[in-house]
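Student: Below are the structure tokens for one structure; questions will follow.
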Amino acid sequence: MTVLQTAGTAPLPGPTRDLEQAFADLERWGYAVVLDAMSPATVATLRARVIEQAAGEDARGVGFHDGKANQRIWMLPNKGRVFRDLMLDPLVETMMGRLLGKDFLLSSLTANIARPGGVPMYLHADQGYVDFWTPRPLVANIAWMLDDFTDANGGTRLVPGSHRDPERRDYDPGETIAAEGPAGAALIFDGRLIHGTGANRTESQHRHAILSNHCRPFVRQQENYFLGLDPAIRRSERGEFLRRLGFWIWAGLGRTNTPGEKGPLEPLAAPLGALDGEGGPLPG
Ligand SMILES: O=C(O)CCC(=O)C(=O)O
């Protein structure tokens, strides 16, 4: 039985500053738009950093382009302290903690620039790799709006209520609506919700967004921070940040030695190997 409720049968949620309203919208519709999630100064700093990084990756010949117009920037934890600071914003802990439990992890941190001429992204659910329906989300996301999101400039397309569809049927672009909100707002959505970047039909508006994808602590992350995080950043970053990336044991998961290990994980300088009965090393 499909429990999807569409725009025709009840009013869809509008942007809000009230976090309790946002949680109610998430429960009912699978998404919420929270106003003033970032200050204008933070938006300006993040936006400038995204634009500069995008140009730099193109100049190096490593820019990642989704189709002709859109550009993705991956692995933002390596690409500026402003991105890492954003992940420690209390809004992340409040929203993701309630949706995914307090020990949630950052799964990926990316930017998406939807440029004029960009075509719609395929519709998907971010926890689509889980091959069964889950009664609660295993994944949840925040699209941080660095520009106004509109129907015309590629505002994320969503199927309201699709997070409550246990049949997980295929959805048609005609069933989507555009998530709209002013720069500085955050679109928060359930990992079971069907969505995708919209087509940017404007002449000249570039739609910049940062996407932070979060997961429960027993889910494999999209970005492998253990191999991919710059070691200098790992050495200097705040424990709170490293914990969010998974450099911590959770319920005995992620250990490098005994399940009783505590505190931030470090690469093992001298992993304990094969021993003879006297405690001497045996060839591996
Ligand atoms: O940029 C957007 O609007 C959404 C991107 C998206 O759907 C994704 O990264 O899964």
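No value in this document is a laboratory result; all are computed from the given coordinates. Predicted, not measured: the structure shown is a model, and the values here were computed from it. Reconstructed Cβ throughout: ideal geometry from the backbone, glycine too, with neighbour counts over all protein chains shown.
Student: For VAL50, VAL62, VAL130, what's the fewest-to-most ordering of other Cβ within 10 Å of each Cβ?
Tutor: VAL62, VAL130, VAL50
Student: Additional query: Quick one: length gained pulling THR134 to ARG201 fully straight, 0.36 nm per residue minus the C-alpha distance?
Tutor: 20.6 nm
Student: Between ALA183, ALA54, ALA274, which gets the highest mean-square fluctuation from a Gaussian network model of the chain, Cα cutoff 10 Å?
Tutor: Its mean-square fluctuation being the largest, the pick is ALA274.
Student: Same structure again: Could you name the aspartates and glutamates whose alpha carbon sits less than 12 Å from that of LYS102, not counting residues in the same chain fewer than 8 places away?
Tutor: Leaving aside aspartates and glutamates fewer than 8 places away in the same chain, those within reach of LYS102 are GLU93.
Student: Calculate one ³J(HN,Hα) per residue across the stretch 229-239 by plugging θ = phi - 60° into the Karplus curve 6.51 cos²θ - 1.76 cosθ + 1.60, and present them in order as whole Hz with x for glycine and proline.
Tutor: Each residue of the stretch 229-239 in turn: 6, 3, x, 5, 6, 4, 5, 9, 6, 5, x Hz.
Student: Spelling out what I want: for every residue of the stretch 47-60, take phi, set θ = phi - 60°, compute 6.51 cos²θ - 1.76 cosθ + 1.60 (Karplus), and round to whole Hz; glycine and proline get x.
Tutor: So the J values, rounded to whole Hz, are 5, 5, 5, 5, 5, 5, 5, 4, 5, x, 5, 5, 4, 7.
Student: Per residue of the chain, what 222 nm ellipticity follows from adding -39500 (n - 2.57) for every DSSP H run with n ≥ 4, rounded to the nearest 500?
Tutor: Calculated mean residue ellipticity at 222 nm is -6500 deg cm²/dmol.
Student: Provide ARG244, ARG84 in ascending order of the number of other Cβ atoms located within 10 Å of each residue's Cβ, fewest first.
Tutor: So the ranking, lowest neighbour count to highest, is ARG84, ARG244.
Student: Please find the FRET efficiency linking TRP250 to ASN224, where r is the Cβ-Cβ separation and R0 is fixed at 22 Å, and quote it to the nearest 0.05.
Tutor: FRET efficiency, TRP250 to ASN224: 0.85.
Student: May I pose another question? Using the alpha-carbon atoms, what tilt in degrees (0 to 90, nearest 10) does helix 19-29 show relative to the longest principal axis of the chain?
Tutor: Tilt of helix 19-29: around 80 degrees.
Student: Sort ARG60, ARG98 so that the residue with the fewest other Cβ atoms within 10 Å of its own Cβ comes first and the one with the most comes last.
Tutor: Listed from fewest to most nearby Cβ atoms, that is ARG60, ARG98.
Student: A follow-up question, please. With the convex hull built on the Cα atoms of the stretch 26-81, state its orientation-averaged projected area in nm².
Tutor: Result: 5.8 nm².
Student: Which residue, ASP18, ASP103, ASP131, tops the fluctuation ranking in a GNM of the chain built on C-alpha contacts under 10 Å?
Tutor: Maximum fluctuation in the GNM of the chain, among the listed residues, is at ASP131.
Student: Right, next: Dividing the convex hull volume of the Cα atoms of the stretch 19-245 by its residue count, what figure in Å³ per residue is obtained?
Tutor: Looking at the stretch 19-245, the number lands at 121 Å³ per residue.
Student: Taking the Cα centre of each part, how many Å lie between the stretch 80-128 and the stretch 137-197?
Tutor: Comparing the Cα centres of the stretch 80-128 and the stretch 137-197, I get a distance of 12 Å.
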